[in-house]
1. Hey, got the Cα dimensions of segment 5-80 along the principal axes, in Å, largest first?
2. Could you list Val24, Val69 so that the one with the fewest beta carbons within 10 Å of its beta carbon is first and the one with the most is last?
3. Listed highest first by mean packing, meaning other Cβ atoms within 10 Å per residue, what order do 47-59, 70-82, 29-41 come in?
4. Rounded to the nearest 0.05, what FRET efficiency do Gln52 and Val77 have when you use their Cβ-Cβ distance and R0 = 41 Å?
5. Set the Förster distance to 30 Å, then compute FRET efficiency between Ser43 and Leu63 from the Cβ-Cβ distance, nearest 0.05.
6. Which distance in nm do the two modelled labels at Asp36 and Leu14 give, with both placed 7 Å along the Cα-to-Cβ direction?
Amino acid sequence: MFKAHQDYYKYFNLFSLGWSFEEVLPFFKISEDNRDYSFAKDSIHHAVGGPQPVSQPKFITPLGKAFLVKNYLVSIVMKLKNI
């Protein structure tokens, strides 16, 4: 799972060369074998044929669902606080 593109701009500002979103995206795409057509058709951000299979889970447990909901809510709060 790769981070939001804004995070790479933070890294770029800290470390400079080589860490902007545009510079790291090709490496993610080379390694990705996206098996979910709804994502794979977005060829700007996703790819097929790489060594790392990527897909959506077939089943999410109740605990997994609670984890996703909690993290989604935390991300909203962080955005509202501009963290």
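1. 42, 36, 18
2. Values: Val24 17, Val69 10.
Least crowded to most crowded, the residues run Val69, Val24.
3. Numbers: 47-59: 11.2, 70-82: 9.2, 29-41: 14.3.
Answer by packing, highest mean first, reads 29-41, 47-59, 70-82.
4. Plugging the Cβ-Cβ distance into 1/(1 + (r/R0)^6) gives 0.85.
5. On the way: r = 34 Å, r/R0 = 1.14.
My answer for the efficiency is 0.30.
6. Modelled inter-label distance: 2.7 nm.
Only the coordinates and a few stated rules stand behind these numbers; no lab work does. Remember, it's a predicted structure, so these values are computed and weren't measured experimentally. Reconstructed Cβ throughout: ideal geometry from the backbone, glycine too, with neighbour counts over all protein chains shown.
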